[in-house]
Structures are given as C-alpha cells and as structure tokens.
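Engineer: Dropping the structure in here first, questions after.
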Amino acid sequence: MEKKYMAEPYKIKMVEPIAVTTRAQREEAIKRAGYNTFLLDSDDVYIDLLTDSGTNAMSDNQWAGMMLGDEAYAGSKNFKNLKKAVQDLFGFKHVIPTHQGRGAENILSQVMIKQGDFVPGNMYFTTTRAHQELNGATFRDIIIDEAHDSTLELPFKGDVDLNKLQALIDEVGSERIPYICLAITVNLAGGQPVSMANMCAVYEMAQKHGIKVMMDATRCVENACFIKQREAGYGDKTIREILRETFSYADGCTMSGKKDGIVNIGGFLALNDDELYQKSTALVVVYEGMPSYGGLAGRDMEAMARGLYESVDYNYISHRLAQVRYLGEKLDAAGIPIVKPIGGHAIFLDARRFYPHIPQDHFPAQTLAAELYLKSGVRSMERGIVSAGRNKEGQHHYPKLELVRLTIPRRVYTYSHLEVVADSVIDLYQERETAKGLRFVYEAPVLRFFTARFEPLG
Ligand SMILES: *Cc1c(COP(=O)(O)O)cnc(C)c1O
C-alpha cells in the first residue's frame, strides 16, 4: 500500500507544553490584541503558524554543539566550523557571520550599491529591498509575470524573466547594476522555487555584462529539494550536489540561518571576491562584531554549522515539503481557496475568495486570521491590505493578493497538529457568511501591520 504521507524522520526527546484554551479565553485574548495576531501573547496560542523564522526545533546534535561554544572574543573554534560548513556545502570562499539575514543584507548593500544604482530581483523581500533603497538603489522586479497570479500552477514560479533583465540592462546600462539579487525560494510569491536552468541562464547573462549575482539563500535547501523533485536531470542528484551547482551560478549570498539553517538566531554573508570581502570585514566590525563572530555567540555559530549539515539530509527536507503539501492538499480537497502551487514554507489562504462578501476596506484577511484564532487558537498572519500600508496621498494600497499565511516551523509540529489546523479552516469556511470584517482603531504610519488595532464591524 502506498503511504499516505511520510512520517516524521525524527522522534521526540524533549517536549514543550502548549496552551490549550477555551473559546472564552480566546475571545478575551484577541480583544486584548486588537484583533491583530501579531499582538497575541504566545502563551495564548495553541498552534503558532505566524512564521517559520527562528521558530525551528534544534536537534540533540545541535544542542550538544551549544555546549561546545568557544566564547573567545576572536578566532573561536565554532567560527572555523561554521566557515568550513559554508565552504563545504555552498562552495564560497569567504564567510562572515551576522546576527541574522538582514545583518548580511546591510553589509552587502553598503559595499556594493552606489547612489542611483538599480538592483533587479525576482520579487522583492521587505528587509532586502529596504537595505537596497537605504543605500540609494532602485529595486526592479524581474520575476516572470505568472508569479503574480495566485491561481497558476507552474513548477518554478520563482524564475526570472530574462527579457525583463535584458530590458533593464538596455535601459540603465550594466554599470548601474551592481548585482542581481536572486531569491531561492521566493518568499513573497508563496515560497516558489527557481529552476537550475534559470539560475544558470541568469548567471550567464550577468557575466556577459559584468554584473554580479548575489543570492538570497534563506530557503536554498527547500529550493534544492524542489529541483530534485521537479527538474529533469536532477532526480538522482543529492541535495548537496544540487546546492553546490546552485551556488556555482552566484558570486556570493546572504543567508538567514533562522530559516533553512534550522536555528533560532544567526545568518551570514558569503563571498568569492577578495576585495568585496575586505570591504565587508571593515563594515561588519561597525554593525555586528568581529568578522569571526558577527554578533553571534560561539554556541550559536556551532548550532548553525550543525544545522546546515542536517538541512541537506533528503529525509529531513523532503518531509518538510511533504508536511506543507499535506496541509495544502487537505485544504484544497475541501474546496478552500489557497495559492497554487503549494510552496516550500507556508500555505496561503486566499481571503478574497474565502470571504467574497467582505470588501477589501473591511480587511478580509485580517478578519480571517482573527476568526481562525478564535475558532481554534491557531495563529496565522495577514498578508493583504493591512500589510501593504498607505501611499503618499494617505490612501490604502489595494494589493491584488489578500492572503492569510499559515507558516510551518521546521520540525516543530506533527501531522496531527496540521489536521487541527485544516479542520478549523474548513469549519470556518462552512460558516463564512457570518464573518463581518473589521475597522481600524489604531494605525501606525509605517509597517502598520505589526501594531495595528481593530474592532469588529456590525
Ligand atoms: C527572513 C528573510 C530575510 C531576512 O532574514 P532575517 O534573519 O529575518 O533578518 C531575507 N530574505 C528572505 C527571503 C527572508 O525570508
């Protein structure tokens, strides 16, 4: 008999109790939080799918490594181990640890960007674009058009449109493009992967024009697993082999270890170019710490080095993707509108189609996130009009996508937890007409989604 799903390739050695709450308690909690899931106390959350960032469960091997922290100010053993892991798995020459991914983005943007430059990328990411802009660059989206349509099923929906890249080079000139920022996978497109063929083609075009390629490697292991499962010629390759080929099409990368590094904190910048490395070491001491610790304790570097090795185990990474797919397929089978295809780290509910009677001004995705919490204590995140903010004239941006993200932490929850999540979403869908929408009672001028407060309409 074919297995319905792959069981967890790990067993549980230590447990953390989670809050089981009553409906009355959740009503109190969500009211206190202004109907914003970001403002809930984690004590009041049953299954926390707010983010996959830093919420990973470390292994016994990683925890053992934590005890071997060499907390010397400079040249610690753990830095050597981390450097060796990155050189070994990614193939880059130089490695600079940073406190998390954005620390590496800050340094890379400062050393590479001049005022008036353009940085093309396959869809923006919030912190990545912010650092590019802070350093005087304009971001240009060069992802394929299909990535912006939540209903199109494509195996590599994160691919770059080479015509868009060529058009930008023709328009502004290659000397104003310090690098192409290639995200693997593309978070804001729903965790969609980039094909090896596309990475290779982007690198060739970049080299021809003397432009560097810098990857956002945050979810590079998920990307490699999708390549193994979907791209012709890669089925028999190991994740390690696929990763090495991936990074042969790049001059460097930034990495948030809080995602595919399977740690709770940490990141790094990796580079081949000696001069860029020299410049980066001069900046890391200003923002992070010595180039041999970059804001991390020795034990944190050890945990990340070990986490990186664990991440390339096919049993681990294929199970992760299978868990996400399991939740998505269960929802899909029940007719719940979700973003397709199912990506690597999260399921996105389409709140426009879930609550067609709630106008976007009444925040359907924010409403759905609050209702899901009320129903079962599951915490999700709004990615719609509230996250999009207001324009200079003070009007709401009206994004095409009005989504609720259910993000799966690594190695934290079992299929039983995902069953609870699926069942509560399905129950909510059956009573969807009763949802009424929300109105603002407090709104911050920037990044309002973090702290906004609401009250129910009607
Ligand atoms: C999380 C993330 C980052 C930033 O990393 P932090 O560790 O949160 O600073 C950069 N790029 C992508 C795609 C991410 O998901």
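The values are calculated or read from the model by the stated rules, or taken from the named source; none is laboratory data. Remember, it's a predicted structure, so these values are computed and weren't measured experimentally. Don't worry about glycine lacking a Cβ; one is built from the backbone with ideal geometry, like all the others, and counts go over all protein chains shown. Heavy atoms of the whole protein, side chains included, go into the accessibility calculation; ligands, DNA and RNA do not. Shrake-Rupley method; radii C 1.70, N 1.55, O 1.52, S 1.80 Å.
Engineer: Check the straight Cα-Cα distances from K84 and name the lysines below 27 Å, setting aside those fewer than 8 residues away within the same chain.
Structural biologist: Of all the lysines, those that pass the test against K84 - Cα under 27 Å, at least 8 places apart if same chain - are K93, K212, K228, K237, K258, K259, K279.
Engineer: Largest first and in whole Å, what are the equivalent-ellipsoid semi-axes of the chain based on the Cα gyration tensor, each being the root of 5 times an eigenvalue?
Structural biologist: On the way: eigenvalues 237, 139, 101 Å².
Each semi-axis is the square root of five times an eigenvalue, giving 34, 26, 22 Å.
Engineer: Still on this model: Do any trypsin sites (Lys or Arg not before Pro) in region 344-431 lie in a loop, going by DSSP, with at most 14 other beta-carbon atoms within 10 Å of their beta carbon, and if so which? Write out the running numbers ahead of the final one.
Structural biologist: Details: sites: R352, R353, K375, R379, R383, R390, K392, K400, R405, R410, R411; in loops: K392, K400, R410, R411.
Listed in order of number, the matching sites are K392, K400.
Engineer: Taking all protein chains together and a probe of 1.4 Å, list I142, I426 from the most accessible to the least accessible.
Structural biologist: On the way: I142 5, I426 35 Å².
Ranked from most to least accessible, the order is I426, I142.
Engineer: Which whole-number value in Å² is the accessible area per residue of the chain, probe 1.4 Å? Don't skip to the answer; put the middle values down first.
Structural biologist: Working: 19250 Å² over 458 residues.
Ligands and nucleic acids excluded, the figure is 42 Å² per residue.
Engineer: Express in Å², to the nearest 10, the accessible area of E433 obtained by rolling a 1.4 Å probe over the protein heavy atoms while all chains stay in place.
Structural biologist: 120 Å²
Engineer: Follow-up. Can you give me the relative contact order of the chain as a percent, contacts being Cα pairs under 8 Å and 6 or more apart? Walk me through the numbers on the way to the answer.
Structural biologist: Details: 937 pairs, mean separation 107.4, N = 458.
About 23 percent, as a whole number.
Engineer: Here's something else I'd like to know. What does the charge dipole of the chain about its Cα centre add up to, to the nearest 20 debye, if the Cβ of each Lys and Arg holds +1 and the Cβ of each Asp and Glu holds -1? The partial results should precede the final answer.
Structural biologist: Working: 53 positive and 59 negative charges, 80 e Å.
It comes to approximately 380 debye.
Engineer: Still on this structure, I have one more. Using alpha-carbon positions, what is the distance between the centroids of region 37-112 and region 301-324, in Å?
Structural biologist: If you average the Cα positions of each part, the centres end up 13 Å apart.
Engineer: Follow-up question, since we're still on this one. How much length is gained on full extension from D88 to K392, taking 0.36 nm per residue of separation minus their Cα-Cα distance? Working shown, then result.
Structural biologist: Numbers: separation 304, 0.36 × 304 = 109.44 nm, distance 4.71 nm.
Full-extension gain reported as 104.7 nm.
Engineer: Please list, by residue number, everything in region 254-296 whose backbone N is under 20 Å from a paramagnetic label point 7 Å out along Cα→Cβ of K80.
Structural biologist: Answer for this model: 290-296.
Engineer: Further question: Hey, if we sort H99, H357 by accessible area with the 1.4 Å probe, largest down, what's the order?
Structural biologist: Per-residue accessible area, sorted high to low, gives H357, H99.
Engineer: Leaving ligands, DNA and RNA out of it, work out the accessible area of H396 with a 1.4 Å probe and give it in Å² to the nearest 10.
Structural biologist: H396 exposes around 30 Å² with every protein chain in place.
Engineer: Sequence neighbours fewer than 8 away in the same chain don't count; with that in mind, list the lysines whose C-alpha is under 26 Å from K392.
Structural biologist: K114, K400
Engineer: Any aspartates and glutamates with Cα under 14 Å of the K4 Cα? List them, leaving off those in the same chain fewer than 8 positions away.
Structural biologist: Once the sequence-local aspartates and glutamates are set aside, what remains near K4 is E329, E419.
Engineer: Please provide three numbers in whole Å: the alpha-carbon extents of region 17-145 along the principal axes, with the largest listed first.
Structural biologist: 55, 44, 30
Engineer: Considering only C-alpha atoms, what is the centroid distance from region 173-211 to region 121-165, in Å?
Structural biologist: 9 Å
Engineer: Right, here's the next one. Taking the Cα centre as origin and putting +1 on Lys and Arg beta-carbons and -1 on Asp and Glu beta-carbons, what dipole magnitude results for region 341-458, to the nearest 20 debye? Intermediate results must be reported in sequence, preceding the final value.
Structural biologist: Working: 16 positive and 13 negative charges, 91 e Å.
Dipole about the Cα centre, nearest 20: 440 debye.
Engineer: Sticking with this one: Once you have a ≥ b ≥ c as the square roots of the Cα gyration tensor eigenvalues for region 62-311, tell me rounded if a/c is under 1.5, and otherwise prolate or oblate according to whether a/b is larger than b/c.
Structural biologist: Values: a/c = 1.95, a/b = 1.30, b/c = 1.50.
Oblate shape, in that a/c is at least 1.5 and b/c is the bigger or equal ratio.
Engineer: Which of the GluC sites (Glu not before Pro) found in region 335-427 are loop residues per DSSP with 16 or fewer other Cβ atoms within 10 Å of their Cβ? Present the calculation step by step, with values, prior to reporting the outcome.
Structural biologist: Details: sites: E371, E382, E393, E402, E419; in loops: E393, E402.
Sparse-neighbourhood loop GluC sites (Glu not before Pro): E393.
Engineer: For V285, V446, V202, give me the order by solvent-accessible area with a 1.4 Å probe, most accessible first, ignoring ligands, DNA and RNA. Walk me through the numbers before you get to the answer.
Structural biologist: Working: V285 80, V446 110, V202 0 Å².
Ranked list, largest accessible area first: V446, V285, V202.
Engineer: Which value, in debye to the nearest 20, describes the size of the charge dipole of region 62-311 about its Cα centre when Lys and Arg Cβ atoms bear +1, Asp and Glu Cβ atoms bear -1, and nothing else is charged? Provide the component values of the computation, followed by the final result.
Structural biologist: Details: 25 positive and 32 negative charges, 135 e Å.
Result for region 62-311 is approximately 640 debye, rounded to the nearest 20.
Engineer: Further, regarding this structure: Set the Förster radius R0 to 51 Å, insert the Cβ-Cβ distance between E443 and L162 as r into 1/(1 + (r/R0)^6), and round the FRET efficiency to 0.05. Please list the in-between numbers first.
Structural biologist: Values: r = 41 Å, r/R0 = 0.80.
E(calc), rounded to 0.05, equals 0.80.
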